[in-house]
Amino acid sequence: MTDPLVIFTPSGKRGHFPVGTPVLTAARQLGVDLDSVCGGRGICSKCQITPSFGEFSKHGVTVADNALSDWNAVEQRYQDKRGLKSGRRLGCQATIQGDVVIDVPPESQVHKQVIRKAASTRAMTMDPATRLYFVEVAQPDMHTPTGDFERLKRALRDQWQVADLRADVSILSKLQPTLRKGNWQVTVALHQDHTGTAPRLIEIWPGLHENGLYGLAIDLGSTTIAAHLCDLQTGDVIGSSGVMNPQIRFGEDLMSRVSYVMMNPGGDVEMTTAVRGALNDLAVDLTNEAQIDPSLLVEATFVCNPVMHHLLLGIDPVELGQAPFALATSDSMSMPAAQLDLTAMNDRAQVYVLPCIAGHVGADAAAVALSEEPNKSKDLALIVDVGTNAEILLGNTERVLACSSPTGPAFEGAQISSGQRAAPGAIERIEIDPTTKEPRFRIIGVDMWSDDPDFEQAAAATGITGICGSGIIEAVAEMRMAGLLDASGLIGSAEQTGTPRCIPQGRTHAYTIWDGTADGGPLITVTQGDIRAIQLAKSALYAGARLLMDEMGVDKVDRVVLAGAFGAHISPKHAMVLGMIPDVPLDRVQSAGNAAGTGARIALCNITARAEIEQTVHQITKIETAIEPRFQEHFVAANAIPHATDPFPELAKVAALPNPSFNSKGEGDGSGRRRRRRG
Ligand code: FES
C-alpha cells in the first residue's frame, strides 16, 4: 500500500508520507512555508494548520474524517490556555493517518504576505533578518567540560541547523543566569542578514519568549523624521510618528547645512549629535505609546538623502557640497545601533542603511525605487517623491534614470507666509469660484467645507490656523484657474481681478482666504512671495523631470506617481495646473503615499529585498541636476504657470486657464509679451 498523499494549500506542494508523520515534518520536507519557533515542542503555536475533509476532485483525493491523528493533550492544553480557532490543529502535534489536504493560513507562514495599507495594494513578503528560536540546551557536565555558549551553539546547530553562532561579551554575561532560569530552555533572537555573515546572538530569554520582536523603519528627511514601529514577525505597523529634524536650526536645506559645516569646524558633530538625539526620542515615544519594552527593538532601517546619510553616520558631508559630489560610501551599511548612539533600542540592535545611488541621489531615492519598482514597470513611469528635496525616477523594465532636485521646503508649507505643518486646523483643500472669486476650504480635523452652515461650530475646537503643503498647492492652482493669477505668477489687484479679497501688500498683492482677525485669529492670505516660493519649488521639480525625459529621449510619460509624506494628499489636477508634473491624462496620475518610508519598511521586513535594491541601484543611471546646463533652461521655462513653452493638452481637457496679464499699473506686462512671442 502506498503511503498517504499529503497536499498543502495554497502552495500546492504534495508528497507521500508514512502514517504517523507529523504535519510539520511533512511540510519541512516538502519545503512548505510553515512557521515554528519552538521546533515542534507544542508550545509556540506558530505551526497552526487547517485540515480539509471530503471529496477534492481538483486534487483527486478524498479526505476521511480520520485523515489526521486525534486531537491530543498538547493541543487541548493550548486550547484551554489560549484558544485555537475552530478547525485549526497544531502542525507539530497532528500526524498523518490518510490522504489529506492541509491549508497553511497566512499567519502560520514564515514568509507571510502582508498587504500594505497605503494607497498601493502591492503585497509585502516577510523575511526578516532577526528571528526567534526556542532551544533546549544540554546541562553542564563535570566529566565533559564545555562552556554554556558552546552548548547553546550545539543546540542551535542540532535543533535548527544554525551554524557558526557569534555573540558579544554583553550578551554572554546574560547567558548563564538565563539558561538556569529557563531550566535549560531558552528563546534566542538571532540576526542574520543577506550578506552571508555569521548569525549573531541579539537577545536571550528564559523559556518561550512570547512578547515578539520589533523594528523601526525610518525615513530621515531634511525637514522631518518619520518612523514606523513594525512587528518583525507579522509585518504590522504598530505605531508611526514624526518629528522635525532638529538640524533645521543649522540650516533649512541641505546646502545650508553643508555650508554650516564649512564655516563652523565641528559643525558636523553638532548636527550628528542633534539627529541621533531626535532618533532616540522618537524611539522612546513609539515604544512608550505601544507599551513595548525597548529591548524588543532589535533592528532599524534608514532611508535618507546623502547629506542626512553622512550626518547620521557621523561623516563630514563637505564633499557632497561641491562637484564631483563624492560620497564616503554609496554601498548599503550594516552596523550595531550602538555605533550610532541609538541607545533607546536593544543594546545589540542592528541597523541597516539602504544604499545611495549617487552624490545627490540618496538612499531615499533607492527606497522609492524599492517601493515603486519602476524597473518592473512595462509603461514609462515618472515617480516624484515630493519633499524638501524631490527624488525623481523615470523608467521602465528597460532603463531607470534618477535625479534629485532641490525644491526647498515650500511644498511642506515652510517659507509660506501662512504655511504650517499638516495638523488639525490647517487648510488642506481649497476651491475658488471662478465667477465670484470667493473661496471655500476644508481644514484638517473637520469633515465639511467652510461654506457648510455647521462649519464654524465644527472648526471651533481647532481654529483655522494656516495652510499646509497640499493646501498651498491647491490655493495657487485655484487662483490661477480663477483668473486671480496670471501665467507669470503675478497676483492681480482688486480692480484687475474684481474681488476685494485681493489686497495690496507693498508693491504687490495678496489674496485673502480667511480673515479671522476680528476674533483674534489669523489673517490667512496667499502673498506674492508665497507664489514665488511655490514657483521656485515646482520649477525645480518639473525641470528635474524634464531632464530625465530628455535623457530618455521622450516628450511624454505614460504615468506619474506622486509620492512623499504628503504625496497622497496632492490633488493630481492641481499639481498639473501648477505645472509640477508633465502633462498626462489625469487618471494616469497615482498617489503612492510615503514611498521612501514604505521602502524602509520593506527593507526592514525582508532581507531579500535588501539584496534586490543593492542590485537595482547599480542599474539606475544617475543624473546630476546641479551640473547639467539644461536643468537651468528647463527651470526658467517651468517658472510660468503651468509652463512657458511645453503644451498641456490633457490639462486643457479638464481645466480652463484664463489668460489675464497683470502688472502694478494694470497694463500688459512681461508675461503677456512672452505669450505673444510664443504665439
Ligand atoms: S511548532 Fe511550536 S507549537 Fe507546533
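Quick note: the coordinates plus some simple rules give every number you see, no bench work behind them. It should be emphasised that the depicted structure is a prediction, and the values quoted were computed from it without experimental measurement. Cβ placement follows ideal geometry from the backbone for every residue including glycine, while neighbour counts extend to all protein chains displayed.
For this structure, a couple of remarks:
- Between the beta carbons of Asp3 and Arg157, assuming R0 = 25 Å, the FRET efficiency works out to 0.25 to the nearest 0.05.
- Using a cut-off of 24 Å between Cα atoms, the listed pairs Lys46/Lys81; Lys378/Lys556; Lys13/Lys81; Lys13/Lys153 include Lys13/Lys81; Lys13/Lys153 as exceeding that distance.
- Max-minus-min Cα coordinates of the range 377-449 on each principal axis give 48, 27, 24 Å, with the largest extent listed first.
- Residue (of Trp160, Leu312, Leu342) at the positive-pole extreme of the chain, dipole from beta-carbon charges: Trp160
- The Stokes-Einstein estimate for the range 273-407, based on a Kirkwood radius over Cα pairs and taken at 4 °C with 1.567 mPa s viscosity, is a diffusion coefficient of 80 µm²/s.
- A dipole drawn for the range 201-305 from +1 and -1 charges on Cβ atoms has a positive end, and of Ser241, Leu208, Tyr260 the residue lying farthest that way is Tyr260.
- Gly314 sits among other residues whose Cβ lies under 10 Å from its own Cβ, and their net charge, with Lys and Arg +1 and Asp and Glu -1, is -2.
- Taken along the Cα-to-beta-carbon direction at a fixed 7 Å, the label points for Lys85 and Val243 span 3.9 nm.
- Cα pair distances of the range 68-226 binned at 5 Å [whole percent]: 2, 7, 11, 15, 15, 14, 14, 11, 6, 3, 1, 1, 0
- Segments 459-466, 400-407 sorted - mean Cβ within 10 Å per residue, highest first: 400-407, 459-466
- Relative to the Cα centre, the charge distribution of the range 415-474, modelled as +1 at Lys and Arg Cβ and -1 at Asp and Glu Cβ, gives a dipole magnitude of about 300 debye.
- Sorted fewest first by neighbouring Cβ atoms within 10 angstrom, Thr50, Thr499 come out as Thr50, Thr499.
- Cα pair count fraction exceeding 40 Å, expressed as % - the chain: 42 percent
- Förster radius 41 Å - calculated FRET efficiency between Asp452 and Arg507 (Cβ-Cβ, nearest 0.05): 0.65
- Alpha-carbon centroid distance for the pair the range 206-265 / the range 441-499, whole angstrom: 33 Å
- Compared with the dominant principal axis of the Cα atoms in the chain, helix 528-552 is inclined by about 60°.
- The range 241-335: Cα Rg divided by the 2.2 N^0.38 Å rule of thumb: 1.19
- Ala652 paired with Ser256, simple spin-label distance in nm, labels 7 Å along Cα-to-beta-carbon: 4.1 nm
- On Cα atoms only, tilt of 363-372 relative to the major axis of the chain in degrees: 80 degrees
- Label-to-label distance, nm, for residues given as Arg399 and Ser173 (7 Å Cα→Cβ offset): 5.8 nm
- Considering only beta bridges that DSSP places wholly inside the chain, some 70 percent are antiparallel.
- Taking Cα atoms only, the orientation of helix 148-160 departs from the longest principal axis of the chain by about 90 degrees.
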